[in-house]
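Working notes, beginning with the structure itself.
What follows is calculated from the coordinates using simple rules that are stated; it is not laboratory data. Predicted, not measured: the structure shown is a model, and the values here were computed from it. Ideal geometry is used to build each Cβ from the backbone, glycine not excepted, and the neighbour counts take in all protein chains shown.
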Amino acid sequence: MKIDLHIHTSTGSDGALSVVEVFQEAKKRNIDLISITDHDSTDAQERAIALARTHSIAYVTGVELNVTFEYSGKSVSLDFLGYGYNTDNQELHKKLQLIKKYRETRARQIMGNLNVEFAKENIPRFTEEDVSNMQEGVDGILSRPHIADYLIKKGIVNNRQEAFDKYLIKCDVPKYPLSLAEASSLIRDASGILVLAHPNDPNGTSLVSITSDLDEQTNIIEEHMLEYIDGVECWHSRHDAKAMTHYIEFARKHGLLMTGGTDCHQKPIIMGTLDISDFVAEQF
């Protein structure tokens, strides 16, 4: 059985393929169970539910929420996955609309910071025309990966990594301050479950930003998260075998659901490439 419960689209966030194209690709790859988990967006969900029926693919509603996690006096950015929620829930819808507006404001503030850096290097500043050009082809919210792609297109950088290393980390603006308690309430009140995403991802928003030691990571979860989460993402494209095994054992110890997904943004297309145990599907 092929499972992928962590996929992004251009319809709702920063994926390269639309929700329609994702399902076409999933069908080609014989994936049996998927979830679209766009960043802070459920815009693709109704279409995804319909497409799942059309393609005879099992589907679980999904969303990836960015949370500001307070730890030892510091604010740490972490991602959590919401699954199986009611798409008609108004409180969830209102909060995501608020976050959407904030993301739009944040993107413009980042571009303002970029212009400050450009002035130091005699690079032409971004104008409203550049903003319009960036937004072309972006179905979801303009985000840092989209800005990175535009920097490449303009010849300012050679690739996304250079865009982040040279500009986007320095020019970043804080994300919407959603707490773990609030994220948990939003998803659970919508009859869903909340799952800690990619806890040991070395390249993403994860507990690695606090510690790379797996035991220390799970100690943090035990001390600060267990009352708010229902599961943990054990399988991930950037989890090695040691991290996967560690989190499977941790989830079993605490009776947590176990999920897995490639976190596919379709650059390249990796959806369905992880060997995720069949029992993950049975949990849903």
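So the values come out like this:
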| quantity | calculated |
| --- | --- |
| Whole-number percent relative contact order across the chain, with pairs defined as alpha carbons under 8 Å at least 6 apart | 23 |
| Stretchable slack from Gln109 to Asn30, in nm (0.36 nm times residue separation minus alpha-carbon distance) | 24.2 nm |
| Overall form of the chain per C-alpha gyration tensor (a/c, 1.5; a/b vs b/c) | prolate |
| Spatially proximal lysines relative to Lys242 (Cα-Cα < 25 Å; intrachain offsets below 8 disregarded) | Lys2, Lys253 |
| Theoretical FRET efficiency, 1/(1+(r/R0)^6), r = Cβ-Cβ of Glu216 and Ser179, R0 22 Å, to 0.05 | 0.50 |
| Shape of the range 173-240, Cα gyration tensor, a/c cut at 1.5 | prolate |
| Whole-Å semi-axes of the range 198-284's equivalent ellipsoid (Cα gyration tensor) | 21, 17, 11 |
| Efficiency of FRET between Glu121 and Lys101 - r from beta-carbon atoms, R0 30 angstrom, step 0.05 | 0.45 |
| Segment Asp172-Ser77, length gained on full extension (0.36 nm per residue, minus Cα span) | 32.9 nm |
| Cα-based Lys proximity count in the range 96-168, under 20 Å, for pairs eight or more positions apart or on separate chains | 4 |
| Point-to-point label distance, Asn158-Ser277, nm (Cα→Cβ direction, 7 Å offset) | 4.3 |
| Burial ordering of Phe80, Phe164, fewest other beta-carbon atoms within 10 Å first | Phe164, Phe80 |
| Projected label distance in nm at Ser191 and Asn133, using a 7 Å step from Cα toward the beta-carbon | 4.8 |
| Estimated inter-spin distance, Lys253 and Ala241, nm [label 7 Å along Cα→Cβ] | 2.2 |
| Prolate/oblate/rounded label for the range 90-230 (Cα gyration tensor, a/c 1.5) | oblate |
| For the range 1-108, radius of gyration divided by Kirkwood radius, i.e. Rg to Rh on alpha-carbons | 1.02 |
